[in-house]
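Below is one structure, written out as structure tokens; comments come after it.
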Amino acid sequence: MRKIGIIGAMEEEVNILKEHMKDTEVSTIATMGFCEGTLEGKPVVVVRSGIGKVNAAICTQILADKYHVDAVINTGVAGSLRNEIDIADIVLSTDALQHDMDATGFGYEIGVIPRMESSVFSAEEEFLTKAKKVCSEVIPEVGVHTGRIVSGDQFISDNGKKEWLLKNFNGYCTEMEGAAIAQAAYLNHIPFLIIRAISDKADHSAEMAYSEFEEIAITNTVKLLTGLVAIL
């Protein structure tokens, strides 16, 4: 039976997951509270990474080194990069990359990590297929999209930056952790999936929309995640 590491960026989303867990034990490492137990009868470790790529990568490495997880799922919210992806919709990662990786001064294309075999990290196909199935069952009223997630240490709330991300990376949504988790999982040979509920449109309205729709976005993600863990 797989042990699954579940990473959330914010306390709100992680706390809801912990309420569904049984037989829990919490350890604090690098100021992060790792809650080990069962969810839907499956062994899991749920943790809040904190916001940003560094926190996310450190968190993933601890899950690999100390908890020996067999897979990583990252939950959270994101900004839409496409008109057809609305607030409260779900995006499931086909792959992920870091949009703020810039070694163009050394002759690399934007987003390419120097001296790595890949800078685009592909999600686990089995997880993606099963997540789509669960979405149709537990949140059928919500739009579900599969595509590239782009990450950077920036909250995107500018139309120009949004258009730049879409043009250069063909992303579906943007956030601040997923690609770092994907890279750490890739380096440790651990399958992953990123699940993002859309909380804003990553444009000039982002700050207002984020606070208004965060709660429903997290609620939908938790429904999906508990259903997914049950069938993995």
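The values are calculated or read from the model by the stated rules, or taken from the named source; none is laboratory data. Everything numeric here is computed off the predicted structure, so don't read it as measured data. Virtual Cβ from ideal backbone geometry, glycine too; neighbours counted across all protein chains shown. Ligands, DNA and RNA are excluded from the accessible area calculation, which covers all protein heavy atoms including side chains. Shrake-Rupley method; radii C 1.70, N 1.55, O 1.52, S 1.80 Å.
Side notes on the structure shown:
- Number of positions in segment 79-91 that are in contact with a helix residue (DSSP H, G or I) (Cβ under 8 Å, 6 or more places away or on another chain) and either open to solvent by less than 10 Å² (accessible area, probe 1.4 Å) or in a strand (DSSP E or B) (or both): 3
- Filtering 32, 10, 21 for residues that are within 20 Å of residue 154 (Cα to Cα), in contact with a strand residue (DSSP E or B) (Cβ under 7 Å, 6 or more places away or on another chain) and hydrophobic (A, V, I, L, M, F, W, C) leaves a single hit, 10.
- Taken over segment 161-204, the criterion of being free of Cβ contacts under 8 Å to residues at least 40 places away in the same chain, farther than 17 Å from residue 111 by Cβ and not in a loop (DSSP other than H, G, I, E, B) is satisfied by 187 alone.
- Each residue in segment 113-145 was checked for being over 20 Å from residue 190 (Cα atoms), outside any loop (DSSP other than H, G, I, E, B) and open to solvent by less than 50 Å² (accessible area, probe 1.4 Å), and 3 pass.
- Criterion (open to solvent by 50 Å² or more (accessible area, probe 1.4 Å), in contact (Cβ under 8 Å) with a residue 40 or more places away in the chain and either among the β-branched types (Val, Ile, Thr) or under 19 Å from residue 165 (Cβ atoms) (or both)) met by exactly one of 73, 51, 58: 51
- Flag if residue 210 is surrounded by fewer than 24 Cβ atoms within 10 Å (Cβ to Cβ) and either at pLDDT 95 or above or in a strand (DSSP E or B) (or both): no
- The numbered conditions (1) closer than 16 Å to residue 195 by Cβ; (2) in contact with a Ser or Thr (Cβ under 7 Å, 6 or more places away or on another chain); (3) buried (at least 20 other Cβ atoms within 10 Å of the Cβ) are all true for residue 98 except (1).
To keep it simple, each residue is scored yes or no on (1) assigned to a helix (DSSP H, G or I); (2) modelled with pLDDT of 95 or more.
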{"site": "2", "(1), (2)": "no, no"}
{"site": "5", "(1), (2)": "no, yes"}
{"site": "23", "(1), (2)": "no, yes"}
{"site": "38", "(1), (2)": "no, yes"}
{"site": "43", "(1), (2)": "no, yes"}
{"site": "57", "(1), (2)": "yes, yes"}
{"site": "69", "(1), (2)": "no, yes"}
{"site": "72", "(1), (2)": "no, yes"}
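- Of all residues in segment 9-18, those being within 12 Å of residue 39 (Cα to Cα) and out of contact with any helix residue (DSSP H, G or I) (no Cβ under 9 Å at 6 or more places or on another chain) number 1.
- Checklist (1) more than 16 Å from residue 182 (Cα to Cα); (2) within 13 Å of the chain's Cα centre (by Cα) applied to residue 60, failing item: (1)
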